[in-house]
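Reviewing the structure listed below.
The values are calculated or read from the model by the stated rules, or taken from the named source; none is laboratory data. All values derive from a computational prediction rather than experimental measurement. Note: ideal-geometry Cβ built from the backbone for every residue, glycine included; neighbour counts use all protein chains shown.
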Amino acid sequence: MRVFLPVLIAALTVVGLVSQTIHACGDKFLLVGRGVKFQRAYAAIYPASIVIYAQSQRSAAKAIRDPRLQTDLKQAGHRVVLVDSEAALARALESDKVDLVLTDVADADRTSKQGATSPSRPTVLPVMYEPTQAEAKEIEARYQCRLKSSDRVDRYLVTIDDAMKTRAAQKKRTS
């Protein structure tokens, strides 16, 4: 009995100390409603210089002109310039190093031709507004991407990273 009582007290003390809540690094993010949003935690693997060419009368213009999209792209590490006329696009392509151009699918062919003559030869990422399956497949085959105006920001970020990865691989092959 004399040995049992001190052992019991020691065991209860250890159990009492261990049973307290202990938060390790990062555990506070596992609590409900306190996680980090994807856009806040996301950093671009290949930061890009992006020109958003959005004429107001185009279908997808509202989505790609969205200030939240531009803010999220900047927070991910991209440099974003918004242009709304063909003359402003030409100035941006000639004066800046441009990696990507986000534009409505209706302007994609013309923008690709214009980009092919610029010094930085940007990749064009067309954005579709409510495409049919056939239209979406055709655009994806032609431009190797599928972006819709209804896509969430994380889809835009992943597509931009994929395009930049492809550009980096192409530069490596030509070097």
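Observations on the structure shown:
- Just one of the listed residues (159, 117) is farther than 19 Å from residue 55 by Cα, exposed (fewer than 13 other Cβ atoms within 10 Å of the Cβ) and hydroxyl-bearing (Ser, Thr, Tyr), namely 117.
- Extreme residue, nearest to residue 81 (Cα to Cα), among residues of region 115-136 that are out of contact with any strand residue (DSSP E or B) (no Cβ under 9 Å at 6 or more places or on another chain) and assigned to a helix (DSSP H, G or I): 116
- When we screen 112, 149 for residues that are crowded, with 16+ Cβ neighbours inside 10 Å, at pLDDT 85 or above and of a type outside the set (A, V, I, L, M), the only hit is 112.
Let's see how each residue does on (1) in contact with an Asp or Glu (Cβ under 9 Å, 6 or more places away or on another chain); (2) of a type in the set (Lys, Arg):
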residue	(1), (2)
58	yes, yes
65	yes, yes
82	no, no
93	no, no
110	yes, yes
115	no, no
118	yes, no
125	no, no
139	no, no
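- Test for residue 158: is it of a type in the set (Val, Ile, Thr) and outside any helix (DSSP H, G or I): no
- Residue list for region 80-110, restricted to those being part of a helix (DSSP H, G or I) and not aliphatic (A, V, I, L, M): 86, 91, 94, 95, 107, 109, 110
- Any hit, region 66-78, residues being closer than 20 Å to residue 159 by Cβ, among the β-branched types (Val, Ile, Thr) and touching a residue at least 24 places away in the same chain (Cβ under 8 Å): no
- Here region 64-75 is the region considered, the condition is being buried (at least 21 other Cβ atoms within 10 Å of the Cβ) and hydrophobic (A, V, I, L, M, F, W, C), and the residue that is farthest from residue 96 (Cα to Cα) is 64.
- Selection from region 137-166 of residues that are touching a strand residue (DSSP E or B) at 6+ places or on another chain (Cβ under 6 Å), closer than 14 Å to residue 44 by Cα and of a type outside the set (A, V, I, L, M, F, W, C): 159
- Being in a loop (DSSP other than H, G, I, E, B) and at pLDDT 80 or above is a property that does not hold for residue 32.
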